[in-house]
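Right, one structure below, let's go through it.
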Amino acid sequence: MPLHVPASAGQRRWSGFVEPEPGLDIPCTIIRGRAGGPKLLVTAGVHGAEYSSIETARRLTALAPDDFSGELTVLPIVNLGAFWKHQPYVNPLDGKNINRVFPGDVNGSASERLAAWLVGTAMAGMDGYVDLHCGDIIEAVTPLAIFCDGDARSEALATASGLPYVVRSNAGGFSYGAASGLGVPGVLLESGGNGLWTEDSVGHLTAGVSRIMAELGMRRKDGGAGAPHPTLCRMVVTTAPASGFWHCAVTPGAYANRGAALGVIYDLVGRWERSIVAEHSGPVLYHVTSLAITEGEPLVGIAV
């Protein structure tokens, strides 16, 4: 059953809490624009310590109804428990990463049930979906958009966002893929990281959502000169071959040639060190900034 603005004559904005299940309340704002039109769902805080995305969503809840057509629904903090605990990646209710369990399971764990509610209730009936993210507490990211490879409508929204990189993905378990499976064009936008938010990182995400609204017909497109032309790519992630101290040698947006040094992992007691080199050439999309790294964890993502 889709989310709706509570019935009230002439009501254009509603803010309050919705209850995906008894005992779980998450904030929600629904804004009706100046005229009928497409419906867009924006979520943030699927990872509760990704603050640039959450701050962007908070600002979106203050949009004036006369600034757009259609209907905008914003869920600014999906993973509220992690937000209060300053906890990266996972949902403290079950220790799972919500953005790896979509489309969820109504009879599953807390994260799986929440994902199922997002798909079956929040995404239902929408004409577009944007999931806002940024690098988590131990990640630095260059601004990018991700979409489900093969979904032309989702690719159009990702490209319209104007973020520098548009990443094709076939990975399962993600929010945007679940939206695509429903027939709702969906994208994931990222900017910022390391447990910080800045006006610059929030600005990238805010502009991206605004351009997507224009692509959907909710706002007038800016056809002026200098419109952004994102780079379409895939992302290849290098993972840690061993646990230890991680010293990264690259930064987001820098170009890495195949064979170039990405960083070094040092043994905890100095017995060995492992040099990490790029297996492909391309711009660095993100890297892990933590000193501590565990075998199998991601280190660096490169656009190819």
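The values are calculated or read from the model by the stated rules, or taken from the named source; none is laboratory data. In this text the structure is predicted, and so the values were computed from the model without any measurement. Backbone-built Cβ (ideal geometry, glycine too); neighbour counts: all protein chains shown.
See the values below:
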{"quantity": "Single condition D222 does not satisfy, out of (1) touching a helix residue (DSSP H, G or I) at 6+ places or on another chain (Cβ under 8 Å); (2) over 25 Å from R34 (Cα atoms)", "calculated": "(2)"}
{"quantity": "Residue tally, condition more than 22 Å from T231 (Cα to Cα) and of a type in the set (F, W, Y), over the range 259-304", "calculated": "2"}
{"quantity": "Members of the range 259-282 that are part of a loop (DSSP other than H, G, I, E, B), within 23 Å of V304 (Cα to Cα) and more than 28 Å from the chain's Cα centre (by Cα)", "calculated": "G259, A260"}
{"quantity": "Pairs, first not assigned by TED's automatic domain parsing to the domain that holds S191 in the range 57-69, second of a type in the set (S, T, Y) and surrounded by fewer than 19 Cβ atoms within 10 Å (Cβ to Cβ), C-beta under 9 Å, six or more apart", "calculated": "none"}
{"quantity": "Candidates I146, I212, filtered to the one that is more than 19 Å from L285 (Cβ to Cβ), β-branched (V, I, T) and at pLDDT 95 or above", "calculated": "I212"}
{"quantity": "Flag if G37 is within 22 Å of the chain's Cα centre (by Cα), within 23 Å of A179 (Cα to Cα), small (G, A, S) and in a loop (DSSP other than H, G, I, E, B)", "calculated": "no"}
{"quantity": "Contacts under 6 angstrom Cβ, first residue in the range 281-301 being in contact (Cβ under 8 Å) with a residue 40 or more places away in the chain, partner among the hydroxyl-bearing types (S, T, Y) and not in a strand (DSSP E or B), 6 or more apart", "calculated": "L285/T142; T294/S243; E295/S243"}
{"quantity": "R13 vs. criteria touching a residue at least 40 places away in the same chain (Cβ under 8 Å), charged (D, E, K, R) and under 23 Å from D127 (Cβ atoms)", "calculated": "yes"}
{"quantity": "Considering residues of the range 118-158 that are hydroxyl-bearing (S, T, Y) and in contact with a helix residue (DSSP H, G or I) (Cβ under 9 Å, 6 or more places away or on another chain) only, the residue farthest from N99 (Cα to Cα)", "calculated": "S154"}
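The rows are residues; the columns are (1) more than 23 Å from M218 (Cα to Cα); (2) at pLDDT below 95; (3) polar (S, T, N, Q); (4) surrounded by fewer than 24 Cβ atoms within 10 Å (Cβ to Cβ).
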{"site": "A160", "(1), (2), (3), (4)": "no, no, no, yes"}
{"site": "V166", "(1), (2), (3), (4)": "no, no, no, yes"}
{"site": "S169", "(1), (2), (3), (4)": "yes, no, yes, yes"}
{"site": "S175", "(1), (2), (3), (4)": "no, no, yes, no"}
{"site": "S180", "(1), (2), (3), (4)": "no, no, yes, yes"}
{"site": "V184", "(1), (2), (3), (4)": "no, no, no, yes"}
{"site": "E190", "(1), (2), (3), (4)": "no, no, no, no"}
